[in-house]
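**Q** Sharing a structure below in structure tokens format, with a few things to ask.
Just so you know, all these numbers are worked out from the coordinates, no wet-lab data involved. Bear in mind the structure is a predicted one, so any value in this text is a computation, not a measurement. So basically every Cβ, Gly included, is an ideal-geometry build from the backbone, and we count neighbours across all protein chains shown.
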Amino acid sequence: MSSNYFLNKVVVVTGGAHGIGKEIVESFKKEGALVATIDINDNYYFKGDLSKKEILEEFANKVINEFKRVDFIINNAAPLSKGLSTCNYDEFEYALKVGVTAPFYLTKLLMNYLTLNACIINISSTRDRMSQQETESYSAAKGGIYALTHAMAVTLAGKARVNSISPGWIDTTNSNFTGPDATQHLVKRVGKPCDIANMVLFLCSDKASFITGENITIDGGMSRLMIYHNDNKWKFED
């Protein structure tokens, strides 16, 4: 961003200790924002398990007491990914708590402290509409937050804009992917965390003031490619 739009804005980011979340935190900080993050891993602000109601309340109270306001909420924390064969009841419930319940409840706890032109971004996934085998807990949670987004956009109309982002394959290991890994994407590369962070900042800016209730897919065009056996050098092996 070229202006001081984010200077001293208060940003809440879940799952901000690594990967996409860390990139979002660092991007906002570079713009002069005040960033409060919660993660189950060690971090500079608040360590805690998002699946627990009392932890969400403790975190929200810390944010409210320290900043008295919230400009942006980025619900990014990733749910557990397991499938029908291995995922038990408690694990599936945990995935939904982290992926859907936590974004809902954290927003509920903070919504009365949202400022004018506030914005909420939910990080979904292209798995909210497509899947690999044995990913039911993750796909269900991402489908839930996808739907939660447009519901909250309607409820918070006039108070906050609410949008979601569905990343595709985003490499968080700083690897160099070549060959089919890269060329199966229409842009011929695997995604990077900055590809998502850049869109988060755009959606939170005044440049996106007419966008709400939307989901934006960022996957290098991969989910747009129709695949048929023996077409375009693709071959299905049963």
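**Q** Most exposed first by the Cβ proxy, i.e. fewest other Cβ within 10 Å, how do R127, R161, R189, R224 rank?
**A** Lowest count first: R224, R189, R127, R161.
**Q** A follow-up question, please. Find how much the distance from N41 to K29 grows on full extension, using 0.36 nm per residue of separation minus their present alpha carbon separation; answer in nm with one decimal.
**A** Going from the current span to full extension adds 2.4 nm.
**Q** Still on this structure, please answer the following. Would you kindly derive the ³J(HN,Hα) couplings of the range 35-52 from the backbone phi angles with the Karplus curve 6.51 cos²θ - 1.76 cosθ + 1.60 (θ = phi - 60°), listing them in order in whole Hz, with x for Gly and Pro?
**A** 10, 10, 10, 10, 8, 6, 9, 4, 7, 6, 10, 8, 9, x, 8, 5, 7, 9
**Q** What list do you get for F202, F236, F46 if you sort them by fewest beta carbons within 10 Å?
**A** Values: F202 13, F236 8, F46 17.
Lowest to highest Cβ neighbour count: F236, F202, F46.
**Q** Same structure again: Please list 3J(HN,Hα) in residue order for the range 172-184, calculated via the Karplus relation 6.51 cos²θ - 1.76 cosθ + 1.60 where θ = phi - 60°; whole Hz, with x for glycine and proline.
**A** Result, rounded to whole Hz: 9, 10, 6, 8, 10, 8, 10, x, x, 3, 7, 6, 5.
**Q** Follow-up question, since we're still on this one. With θ set to phi - 60° and the Karplus curve 6.51 cos²θ - 1.76 cosθ + 1.60, what are the ³J(HN,Hα) couplings of the range 100-105 in order, to the nearest whole Hz, using x for Gly and Pro?
**A** Couplings: 10, 5, 4, x, 5, 6 Hz.
**Q** Estimate the FRET efficiency between L84 and I227 by the formula 1/(1 + (r/R0)^6), using the beta-carbon distance for r and 30 Å for R0, to the nearest 0.05.
**A** 0.80
**Q** With 10 Å bins from zero, work out the P(r) of the range 118-221 over every alpha carbon pair and list the percent per bin.
**A** 15, 40, 33, 11, 1
**Q** Counting only residues 5 or more places away or on other chains, whose amide H sits under 5 Å from the amide H of N215 once H atoms are built in the peptide plane?
**A** For N215, whose amide H was placed from the backbone, the distant partners under 5 Å are S164.
**Q** Give the whole-number value, in cubic angstrom per residue, of the convex hull volume spanned by the C-alpha atoms of the range 37-101.
**A** Per-residue hull volume (Cα only) is 88 Å³.
**Q** Test of understanding: ordering C194, C87, C119 by Cβ neighbours within 10 Å, fewest first, what list do you get?
**A** Lowest count first: C194, C87, C119.
**Q** Using only the alpha carbon atoms of the chain, find the Kirkwood hydrodynamic radius as the inverse mean reciprocal pair distance, in angstroms to one decimal.
**A** 18.5
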